[in-house]
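Step one of this worksheet: look at the structure below.
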Amino acid sequence: MTDVTPATTGLDGALADQPVRVVERDGVRFTLLGTAHVSPASVAAVEAAIGSGRFDAVAVELDGQRLAAMEDPQAMARMDLVEVIRKGRIPLFAANLALAAYQRRLAEQLEIEPGAELKRAVTAARQRQLPVQLIDREVGLTFRRASKRLGLWGKLQLVSGIAAGLLSKEEVGEAEIEKLKQGDMLEASFGEFSRQSPALYEAVIAERDRYMAARLREEIQLAGANGGPVPKNVLAVVGAGHLAGLARHLEEDQDDAASIRQALEAVPVKRNIPWFTLTVLAVIVSGIVYGFASGGMGMGAELLATWALLTGGLAGLGCLAARGHPLSILTALVAAPFKPFRLSIPTGAFASLVEARLRKPAYADFMALRDDTQHLAGWYRNRITRVLLVFLLTNAGSAAGLWLTIARFGSRLSG
């Protein structure tokens, strides 16, 4: 591995202040250009590098979804929100909204589109008819792998970081911008938490370094297997924060590239028994059974009614606070008492699904989404964000009702 400068590569002087590393492996010369996602100088460096004619392929720190969003900003307007809910992707959708809101704040403040150098790399490569390799992992996979590594407190911090990213109106500070120039967009969008959480850092930064190195190697292997021309000089445009790790993995990793990629795309499945949830269920069921056995039909029926009223009532109240449709509120009322028997499906999923079907978001809601997420009134006005509110506040009410039920059972049975 070699650090190089424009003087040694013969490239244009626009690369003078840009970090560049070169790794030669398996007969291929990989030139890794580290960029700042909010810098016009990085855009110029990309144009100079591709315009030099020295490269026969260009790789970029993007996945297909992010590239599509860059090239077609209105793609979100064609999204099916009902499918998002049915597939349990509301947390991921909220994270993407937070990332978009953060990028918009940067764009308005710095007057440059975040990731403009990546978009320009794709455009310039296509203009010169060079193969374009998308080497980054999908944001959804990164987010799911990160959340699986976090405990309850970590997930609460992550949710609060996402919420802050959605609602914040403050300008991005100079110190944060400087860190962003040397770091990564995903890491920056999660704020300070990403730097304090080893689990989040591992999924957001370290894993992606190895993933992108594997993808670079895999693209070369695929080109040879398909009988096409094998690139000999590849330009990889990545954020400066990935440069060192990417270069190290590209040089040192010996495992099969496809195997590494597949391992880093897998989402760990927790196989441990959910003792906490089962304990809550056991406490509630045991309390009701004990009530029938010791106090007869009167006490047993009272405990059943307490369970239904507290869990259903507070879930419905949460849905009402989100200004959900009357049928969404009714759904929350009915579904919440059965939450202990649905270990993996939150009450808010049912209520938000009904909300999305009855008040289907219109094209105007998608177009106004970024503006509406900047203030609370907009969250209630926009049908997309109101579905998120229904999901979140219904779940909050259901959880509060469950804990109050346990407390009420303890007080009633001990008395």
Are there any helices (runs of 4 or more DSSP H) wholly within the stretch 364-415 with 3 or more residues that are over 20 Å from residue 90 (Cβ atoms), and if so which? 383-414
Go through the stretch 368-386 and give me each residue that's among the charged types (D, E, K, R), open to solvent by 40 Å² or more (accessible area, probe 1.4 Å), over 20 Å from residue 350 (Cα atoms) and over 18 Å from the mean Cα position of the chain (by Cα). 371, 381
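Of all residues being β-branched (Val, Ile, Thr) and modelled with pLDDT of 80 or more in the stretch 95-132, which is nearest to residue 228 (Cα to Cα)? Just the residue, please. Give the steps one after another, and end with the answer.
Pass one, the stretch 95-132, residues β-branched (Val, Ile, Thr): 112, 122-123, 132.
Adding the requirement that they be modelled with pLDDT of 80 or more leaves 122-123, 132.
On the way: 122: 20, 123: 22, 132: 14 Å.
Only one residue tops the list, namely 132.
Taking the stated definitions as given, is residue 206 within 21 Å of the chain's Cα centre (by Cα) and either outside any loop (DSSP other than H, G, I, E, B) or of a type in the set (Lys, Arg) (or both)?
Details: within 21 Å of the chain's Cα centre (by Cα): yes; either outside any loop (DSSP other than H, G, I, E, B) or of a type in the set (Lys, Arg) (or both): yes.
Yes; evaluated as a whole, the condition is true for this residue.
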Hits in the stretch 244-296 - residues which are outside any helix (DSSP H, G or I) and modelled with pLDDT of 85 or more: 253, 254, 255, 256, 266
Looking at this structure, is residue 43 part of a strand (DSSP E or B) and at pLDDT 75 or above? no
Report, by residue number, each residue of the stretch 351-397 that is of a type in the set (Val, Ile, Thr) and modelled with pLDDT under 80. 373
Please enumerate the residues belonging to the stretch 233-243 that are open to solvent by less than 10 Å² (accessible area, probe 1.4 Å) and in a strand (DSSP E or B). 234, 235, 236, 237, 238, 239
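Test residue 389 against the criterion of being within 25 Å of residue 314 (Cβ to Cβ) and either touching a helix residue (DSSP H, G or I) at 6+ places or on another chain (Cβ under 8 Å) or open to solvent by 60 Å² or more (accessible area, probe 1.4 Å) (or both), and give yes or no.
Working: within 25 Å of residue 314 (Cβ to Cβ): yes; either touching a helix residue (DSSP H, G or I) at 6+ places or on another chain (Cβ under 8 Å) or open to solvent by 60 Å² or more (accessible area, probe 1.4 Å) (or both): yes.
Yes.
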Residue 33 - would you say it is crowded, with 21+ Cβ neighbours inside 10 Å and modelled with pLDDT under 90? no
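Taking the stretch 49-58 as the region of interest, how many residues are open to solvent by 20 Å² or more (accessible area, probe 1.4 Å) and either in a helix (DSSP H, G or I) or hydrophobic (A, V, I, L, M, F, W, C) (or both)? Write out each step before concluding.
Pass one, the stretch 49-58, residues open to solvent by 20 Å² or more (accessible area, probe 1.4 Å): 51-56.
Now narrow it down to the ones that are either in a helix (DSSP H, G or I) or hydrophobic (A, V, I, L, M, F, W, C) (or both): 51, 55.
The qualifying residues number 2.
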Here are the criteria: (1) touching a Ser or Thr at 6+ places or on another chain (Cβ under 6 Å); (2) open to solvent by 30 Å² or more (accessible area, probe 1.4 Å); (3) within 23 Å of residue 87 (Cα to Cα). Tell me which single one residue 336 does not satisfy. (2)
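Residue-wise test of (1) at pLDDT 75 or above; (2) closer than 21 Å to residue 39 by Cβ; (3) within 21 Å of the chain's Cα centre (by Cα).
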| position | (1), (2), (3) |
| --- | --- |
| 180 | no, yes, yes |
| 186 | no, yes, yes |
| 199 | no, no, yes |
| 230 | yes, no, no |
| 235 | yes, yes, no |
| 242 | yes, yes, yes |
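The values are calculated or read from the model by the stated rules, or taken from the named source; none is laboratory data. Keep in mind it's a predicted model, so treat the numbers as computed, not measured. Note that we place each Cβ from the backbone using ideal geometry, even for glycine, and neighbour counts take in every protein chain shown. These area figures cover heavy atoms from the full protein model, side chains too; ligands, DNA and RNA do not enter into them. Shrake-Rupley method; radii C 1.70, N 1.55, O 1.52, S 1.80 Å.
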